[in-house]
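Everything below concerns the one structure shown next.
The values are calculated or read from the model by the stated rules, or taken from the named source; none is laboratory data. Worth saying up front: this structure is predicted, and the values here are computed from it rather than measured. Note: ideal-geometry Cβ built from the backbone for every residue, glycine included; neighbour counts use all protein chains shown. Each accessible area value is taken on the protein alone, full model and side chains, heavy atoms only, with ligands, DNA and RNA left out. Shrake-Rupley method; radii C 1.70, N 1.55, O 1.52, S 1.80 Å.
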Amino acid sequence: DVTATYVKNAGFENGLTDWISDGMVTQTNTSFTSKEGNTYVEKWVSKGSRVGNGSVAQELSGMSAGSYTLTVVAQNIQQDNAAVQSGAYIFGGNKQTTVSATGDYSVSFIVLDGTVSIGFKGVGATGNWLSCDNFRLVYNGEAVDEVWSEFDALIQTAKTYVGQKKGNAQATALNTAISTAEATLQNKTFNDVPLHAGALNDATAAAKVSVNEYQTLQAAIDVAMGLYDETLQGAAEFDSVIKEAQSTVDDLDATSDVLTGQVVALEKA
């Protein structure tokens, strides 16, 4: 049990301290009979209505690589209606378990880079009452095969951005992170996984942003060129802005501000 090691305020006895809430609030009544301690978290609307969206989450850090299981007491119910409800989940990273009737729910997940987001969420939840409390976290062990499988999946995701247009700085960081990660995978140096998975995640995220910025500018150029007509008033000025944007989209050292600024300039032109 590593709850005390990684999860802060796991039972909400200090309110929403250390949690990020979107539409959920603390409650101290006794209506949620499965609560632990004095306080739980809920989102409630009148019977027969749907609670919709809401969430409470916490980012954990400093974790050992391996397999974890999160258990939470939770519910997604329509009061006075026994029908199974949908749209609510407990989650750890990109894994989740559906929540309906009141009870304990568990989800298992792999941690690579020492961080993970855990929590409870409603996404179009059909119940009128969402509640959760008593987050418990267990470390199942290194789960070496699963870790290497997830680590390889990170590498493959990163590689999807290699051949796409992006900034030189982002390209260099991505290539370095991939190379280092591949060496870690080949040598099976397990203790290096958190560091290199983190670097790979950061480089992939930065590359994704850069790719999107260049693609957005190119799309704006394509639209502008489709509208350009040399016979129209202001054609010369419009053409000048298009050429400047084209020069920018061909510059792999252009900053993010310059790229987005050129999109705005094209829209105005």
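Could you list, in sequence order, the residues of the stretch 159-178 that are open to solvent by less than 60 Å² (accessible area, probe 1.4 Å) and either more than 21 Å from L259 (Cβ to Cβ) or part of a loop (DSSP other than H, G, I, E, B) (or both)?
Within the stretch 159-178, Y161, K166, G167, A177, I178 meet the criteria.
Where the second residue is of a type in the set (F, W, Y) and the first is closer than 19 Å to T115 by Cβ and lies in the stretch 1-25, which pairs have Cβ atoms under 6 Å and are six or more apart or on separate chains?
V2/Y139; V7/F135; A10/F135
Do you know which residues across the stretch 130-146 are surrounded by fewer than 22 Cβ atoms within 10 Å (Cβ to Cβ) and either on the phi > 0 side of the Ramachandran plot or hydrophobic (A, V, I, L, M, F, W, C) (or both)?
Applying the first criterion (surrounded by fewer than 22 Cβ atoms within 10 Å (Cβ to Cβ)) to the stretch 130-146 yields 134, 136, 138-146.
Within the stretch 130-146, N134, V138, G141, A143, V144 qualify.
Go through the stretch 94-110 and give me each residue that's open to solvent by 40 Å² or more (accessible area, probe 1.4 Å), among the small types (G, A, S) and part of a loop (DSSP other than H, G, I, E, B).
A101
Quick one: D113 ticks every box in (1) surrounded by fewer than 15 Cβ atoms within 10 Å (Cβ to Cβ); (2) closer than 23 Å to V147 by Cα; (3) touching a residue at least 60 places away in the same chain (Cβ under 8 Å) bar one, so which box is it?
(1)
With the requirement that a residue be in contact with a strand residue (DSSP E or B) (Cβ under 6 Å, 6 or more places away or on another chain) and open to solvent by 50 Å² or more (accessible area, probe 1.4 Å), what does the stretch 1-15 give you? Full working, then the answer.
Filtering the stretch 1-15 down to residues in contact with a strand residue (DSSP E or B) (Cβ under 6 Å, 6 or more places away or on another chain) leaves 1-3, 6-7, 10-12, 15.
Passing the criteria: only D1.
What residue, among those in the stretch 183-210 that are part of a helix (DSSP H, G or I) and open to solvent by 70 Å² or more (accessible area, probe 1.4 Å), is nearest to S67 (Cα to Cα)?
So the residue we want is N191.
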